[in-house]
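The values are calculated or read from the model by the stated rules, or taken from the named source; none is laboratory data. Bear in mind the structure is a predicted one, so any value in this text is a computation, not a measurement. Cβ atoms come from the backbone with ideal geometry, glycine included; neighbour counts cover every protein chain shown.
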Amino acid sequence: MKTPAWSEVEAFCRIDGWVEVDEGRSVDHRYYRLVLDDGAVLETRVSHSGKKTMSPGRWKAILRDQLRVSDSDFWACLRNKKPVERPSTPPDESETEQVPAWAAVVLSTRLKMSPAQIAALGRDQAIQLAREAWSKPPG
């Protein structure tokens with residue numbers, strides 16, 4: 001399995017619509033976040049060591065747990081310079097109770113909430129917290 005250089009992972013994030021987030025976590029990495037259409041919030045970090053590669057095992061884990069794309073979709077994104085088309089699932093009855101994507105972004109960026117914390121909120125509570133966060137200046 002071919003593994004990418006960190007600079008290729010960063011290029012993927014930019015093409016796929018990930019947003020760089022500066023949370024002062026590390027001087028060795030850049031952090032990226034992507035909110036999917038279903039409200040799921042993905043996060044990954046990219047080493048500043050742009051030319052270095054990683055082990056196949058680590059790469060598989062990053063694909064599975066952080067980027068949530070297949071190896072072939074990753075390389076196609078870089079080759080075609082187009083975002084990955086993630087599968088969309090038909091809405092079900094629980095869809096009405098999910099946290100809207102815009103609220104998840106506000107909660108994760110403004111209030112620094114983790115995906116698990118956001119998922120634990122009810123829809124109405126998440127919207128209320130997001131609106132309150134929006135009404136205050138960032139920082």
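Within region 43-69, residues that are in the same structural domain as ALA11 (by TED's automatic domain parsing) and touching a residue at least 60 places away in the same chain (Cβ under 8 Å) sit with their Cβ atoms under 7 Å from residues that are crowded, with 16+ Cβ neighbours inside 10 Å and among the charged types (D, E, K, R), at 6+ positions apart or across chains, in these pairs: GLU43/ARG33.
Checking VAL46, VAL99, VAL9, VAL84 one by one, the residue that is modelled with pLDDT of 85 or more, assigned to a loop (DSSP other than H, G, I, E, B), within 17 Å of the chain's Cα centre (by Cα) and not charged (D, E, K, R) is VAL84 and no other. For region 38-79, filtering for residues that are exposed (fewer than 14 other Cβ atoms within 10 Å of the Cβ), aliphatic (A, V, I, L, M) and touching a helix residue (DSSP H, G or I) at 6+ places or on another chain (Cβ under 6 Å) leaves 0.
Selection of region 44-83 for residues being under 16 Å from ARG14 (Cβ atoms) and polar (S, T, N, Q) yields THR44, SER47, GLN66, ASN80.
On inspection, VAL9 qualifies as farther than 27 Å from ARG123 by Cα, of a type in the set (Val, Ile, Thr) and in contact (Cβ under 8 Å) with a residue 24 or more places away in the chain. Tell me, yes or no, whether region 17-36 has at least one residue that is in a loop (DSSP other than H, G, I, E, B), aliphatic (A, V, I, L, M) and buried (at least 16 other Cβ atoms within 10 Å of the Cβ). Scanning region 17-36 turns up no residue that is in a loop (DSSP other than H, G, I, E, B), aliphatic (A, V, I, L, M) and buried (at least 16 other Cβ atoms within 10 Å of the Cβ). Taking every residue in region 74-90 that is on the phi > 0 side of the Ramachandran plot and pairing it with any residue that is at pLDDT 80 or above, at least 6 positions away or on another chain, the pairs with Cβ-Cβ distances below 7 Å are LYS81/ILE15.
Quick check: is even one residue across region 110-130 basic (Lys, Arg), in a helix (DSSP H, G or I), closer than 21 Å to CYS13 by Cα and modelled with pLDDT of 85 or more? No - not one qualifying residue is present in region 110-130.
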